[in-house]
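This report concerns only the one structure given below.
All of the numbers you see were taken from the coordinates with simple rules; none came from a lab. Just so we're clear, the structure is a prediction, and the values are computed from it rather than from any experiment. Neighbour counts run over all protein chains shown; Cβ positions are idealised from the backbone, glycine included.
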Amino acid sequence: MNSFSRPPQFEQSVGIQPGPRHAATQQELPEVPVSYRPRRSALYMPGSNARALEKGKSLLADVLIFDLEDSVAPAGKEEARARVEAAIAGGGYGRRELVIRINGLE
């Protein structure tokens, strides 16, 4: 796995002020090491579609995104959550990065 450290002039080149602050409290945040991993492709898969979840195991995407938001009808959200949980627990996705896109908290 490749990691890239942030160039020293990164903050200045994108207009970020040094010493990030939390907007609500204006408290100084701790420094967090940043690493970058290049990704060529990402595949969104509807969490409600068992066939897509199975097919994702054989596709050459760097990132698989299990979508539980826009691609799932409101009535099917509970079933989709269970399906995604079972698919990830069952494995078979190799070394791909797995991401779960969740519903809003409201």
Peptides 73-85, 47-59 ordered by average Cβ neighbours within 10 Å, highest first: 47-59, 73-85
Label zone at Ser41, where the point sits 7 Å out along the Cα-to-Cβ direction: segment 85-102 residues whose backbone N lies under 18 Å: 93-99
